[in-house]
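Encoded as structure tokens, the structure appears first; notes follow it.
The values are calculated or read from the model by the stated rules, or taken from the named source; none is laboratory data. Bear in mind the structure is a predicted one, so any value in this text is a computation, not a measurement. Here the Cβ positions follow ideal geometry from the backbone for every residue, glycine too, while neighbour counts run over all protein chains shown. Only protein heavy atoms, including side chains, enter the accessible area calculation; ligands, DNA and RNA are left aside. Shrake-Rupley method; radii C 1.70, N 1.55, O 1.52, S 1.80 Å.
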Amino acid sequence: MAGRPRELSYCCSCFYTDNIFIEEYQAHVRFTDVQQFKRDYERALYNKGCQTSEQFGHVLEKVQKEVQRRMKLGEESTHRRAEISFRYKPLHPELYVLQESFFAAEFLAAVRFCQSPQADLGGLLNHLYSIPGKRAYRLPVFVPEFCRDFLEELENFEKSDLPKGRPNTMNNYGVLLNELGLDETFITPLREKYLKPLTAVLYPDWGGSCLDSHKAFVVKYALHEDLDLSCHYDNAEVTLNVCLGKDFTEGNLYFSDMKEVPSDERRYTEVEHVVGHGILHRGQQVHGALPIESGERWNLIVWMRASQVRNTHCPMCNQKPQLVESLGEGDGFTYVEGEDRAGTVDVCSLV
């Protein structure tokens, strides 16, 4: 009897060409080759201050390095995860398996309401703080003791000599939680058992009831490191952003409209980030973080994906995804061997 077709991990081909962030000029760019890059961005970058051939050459070098990093990302992440699993001794091993005692009572009450026959949006909003006009919501998620111990664990890992992947091109400091071994026993049950009941009620039109994968990481903001986060949107259908601590001042988040709204028409709302509290929002909603003025802030970010949504429309390039098989977790797209392979591309042909 034939076995069930093997499910593979995929990303869209745009991952290797699009949404490359140039921090010095606060610009997201696309790169397929040098001629295309010069044609599309030389003048725009000049207007942002990149006005010498040396400056432009430096930008081009950084962009090409980022493309190469993405090409090798799956393989290098797999190697890091194996080495961390073999060599790292957790400071708080009890944190690696999700426990209900980690959660704030208000969070558990909201989840239980969503699991009840009476669950509806109006009733759920009684359990949340609604950010006016933005369909974004804040509520307590973790108890202070969990936040304290989890930060101790992350700092212990940061002090080790083990290899460390970074979350993305916009965050230079942080931890990829799948590489630390937290995916299967912590993040997956968090998404499936606790977050999906909430997102099913809040975002039924954004795949909230069928979230089936994620990317989870922690980012760190501190003086002389990353202070803020530029305006952007996420590679996710729904995002959870939890403030873990520590002591810090300023650094409010801000939320705008969906990415389709022209930048000169967007309206922004600031939201205070409270330790232990999380904010749920649609991934395609434009948002960012203002600079902190003192201390450190660590945030847990969970990008939640719904393959039923993104299989027909890539949220990053706004087109039908051109699938590329990837080593590791992929970006939440699904494809089963034996189906029509039209729409897939060879990664080696991309750049």
- Note on the structure: Note: among E106, E83, just one is open to solvent by 90 Å² or more (accessible area, probe 1.4 Å) and touching a Pro at 6+ places or on another chain (Cβ under 7 Å), namely E106
- Reported set for the range 265-291 where residues are open to solvent by less than 20 Å² (accessible area, probe 1.4 Å) and assigned to a loop (DSSP other than H, G, I, E, B) is H273, G276, G283, Q284
- Query: Can you name the residue in the range 1-25 that is in a loop (DSSP other than H, G, I, E, B) and surrounded by 11 or more Cβ atoms within 10 Å (Cβ to Cβ) and, of all such residues, is modelled with the lowest pLDDT?
  - Reply: P5
- Message: Of all residues being crowded, with 21+ Cβ neighbours inside 10 Å and in contact with a Cys (Cβ under 8 Å, 6 or more places away or on another chain) in the range 180-200, which is farthest from H281 (Cα to Cα)? Just the residue, please.
- Response: P197
- What number goes with the only condition from (1) modelled with pLDDT under 95; (2) part of a helix (DSSP H, G or I); (3) under 30 Å from M258 (Cα atoms) that G165 does not pass? (2)
- Message: Where the second residue is polar (S, T, N, Q) and part of a loop (DSSP other than H, G, I, E, B) and the first is within 16 Å of Q284 (Cβ to Cβ) and lies in the range 310-326, which pairs have Cβ atoms under 6 Å and are six or more apart or on separate chains?
- Response: P315/Q284; M316/N19; M316/N235
- Item | Answer residue from the range 201-224, given it is aliphatic (A, V, I, L, M) and open to solvent by 10 Å² or more (accessible area, probe 1.4 Å) and is nearest to L151 (Cα to Cα) among those | L223
- So, in the range 40-66, of the ones that are under 24 Å from the mean Cα position of the chain (by Cα) and crowded, with 17+ Cβ neighbours inside 10 Å, which residue ends up nearest to Y25 (Cα to Cα)? V63
- Message: Regarding the range 84-95, can at least one residue be identified that is in a helix (DSSP H, G or I) and touching a Lys or Arg at 6+ places or on another chain (Cβ under 8 Å)?
- Response: no
- Query: Has the range 326-349 got any residue that is part of a loop (DSSP other than H, G, I, E, B), at pLDDT 90 or above, surrounded by fewer than 16 Cβ atoms within 10 Å (Cβ to Cβ) and of a type in the set (K, R)?
  - Reply: no
- If we keep only residues of the range 199-224 that are of a type in the set (D, E, K, R) and farther than 14 Å from A289 by Cα, then the residue nearest to the chain's Cα centre (by Cα) is K215
- Item | Residue count for the range 86-103, restricted to those that are open to solvent by less than 40 Å² (accessible area, probe 1.4 Å) and under 17 Å from L162 (Cβ atoms) | 3
- Message: Looking at F157, F113 in this structure, which one is of a type in the set (A, V, I, L, M, F, W, C), in contact (Cβ under 8 Å) with a residue 40 or more places away in the chain, farther than 26 Å from Y268 by Cβ and part of a helix (DSSP H, G or I)?
- Response: F157
- Boolean, V34 is surrounded by 11 or more Cβ atoms within 10 Å (Cβ to Cβ), out of contact with any Pro (no Cβ under 6 Å at 6 or more places or on another chain) and closer than 30 Å to E158 by Cα: no
- Is it the case that R191 is of a type outside the set (V, I, T), modelled with pLDDT under 95 and under 22 Å from the mean Cα position of the chain (by Cα)? no
- Is it true that E152 is part of a helix (DSSP H, G or I), under 21 Å from R297 (Cβ atoms), in contact (Cβ under 8 Å) with a residue 60 or more places away in the chain and open to solvent by 30 Å² or more (accessible area, probe 1.4 Å)? yes
- Taking the range 127-139 on its own, how many of its residues are open to solvent by 30 Å² or more (accessible area, probe 1.4 Å) and under 20 Å from the mean Cα position of the chain (by Cα)? 2
- Message: Considering only the range 115-126, I want to know if a residue exists there that is buried (at least 17 other Cβ atoms within 10 Å of the Cβ) and closer than 29 Å to K164 by Cβ.
- Response: no
- Looking across the range 225-264 at residues that are exposed (fewer than 15 other Cβ atoms within 10 Å of the Cβ) and of a type in the set (V, I, T), the single one that is nearest to the chain's Cα centre (by Cα) is V261
